[in-house]
Amino acid sequence: MPAPCKTTVAVFKFSSCDGCQLQLLNMEDEILSLANEVEIAYFLEARRRTLPGPYDVALVEGSVTTPDEVERIKTIRGQSKFLVALGTCATAGGIQALRNYADADEYARAVYPHPEYLHFLPTATPIAEHVPVDLELWGCPINKGDFLEVISALLQNRKPNLPQHSVCLECKRRGLACVIVAKNTLCLGPATRSGCGALCPSCGRGCYGCFGPQPGMDLNSLVPTLRAMEKERGETARLLRNSSGYAPAFSKAAESILEEEKKQ
């Protein structure tokens, strides 16, 4: 009797630092067990052997920043039954989306001696702006536990059970003092989805919003509080325009602040 076909999983990289792929490799024992359940058909950072599509699951890390990547993500979408945007670059453009609020050509001229050799887009955009995405897994990098839950859910044909609370709850669970209250430090924890284990607040620093906006959060109450704490004009807007700054909720809030400051 032939062995049952395994679920085929492909991992693709776009413009990114590879951090989310490294999180997959850092799972060590877990990834060995996972390899018994799925066929890792394409993962250039992990193995040389590649299998052609179609694939059951495509995991896509990175944002779209070049014309070639626009065409490539369309090809991957066409070859994949289920596509997961992996990490903050894939879900919100990542730190490279800072170019979206500046002049990318000016940056290229400042950094490269021959910018005319470059082929890039004026913006860095999330995967969902180019093709339909079935699931977004936020994080910079992603949370390994969340990733395993997503893969387990796909194998079991159920909806992933992912955390729905903000970073603030993680601080409370760790017994950390609120840096906003105790240190008068700007922090996006109340508006950021959990997953990092409150890493920055545990070091006495404010949250930078790496895991993206928490669904249902209230920036209308948080932003005035943060602006009242600013030591320098524009700090809150710059904080909102960090690694998840192109996420609509953060981007809109930052733009509102900047528009208001222009009128003052």
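Read-outs: derived from the displayed coordinates by stated rules, not from any lab. As the structure is a computational prediction, the values presented were derived from the model and not from experiment. Cβ sites come from the backbone with ideal geometry, for glycine too, and all protein chains shown count toward neighbours.
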key: Distance in nm between pseudo-label sites at Glu129 and Ala108 (7 Å out along the Cβ direction from Cα)   = 1.6
key: Restricting the range 133-173 to trypsin sites (Lys or Arg not before Pro) in coil, as DSSP defines it, with at most 13 other Cβ within 10 Å   = Arg158
query = Under a point-charge model restricted to the Cβ atoms of Lys and Arg (+1) and Asp and Glu (-1), what is the dipole moment magnitude of the chain relative to its Cα centre, in debye to the nearest 20?
reply = 520
Cβ-Cβ FRET estimate between Phe82 and Asp29, R0 fixed at 22 Å, reported to 0.05 = 0.30
ask   = What length, rounded to one decimal in nm, is gained on full extension from Gln156 through to Cys178, with 0.36 nm per residue of separation minus their alpha-carbon distance?
value = 4.0 nm
query = Which entry is the computed Cα extents along the principal axes in Å for this structure: [x] 52, 50, 41; [y] 73, 52, 28; [z] 52, 39, 33?
reply = [y]
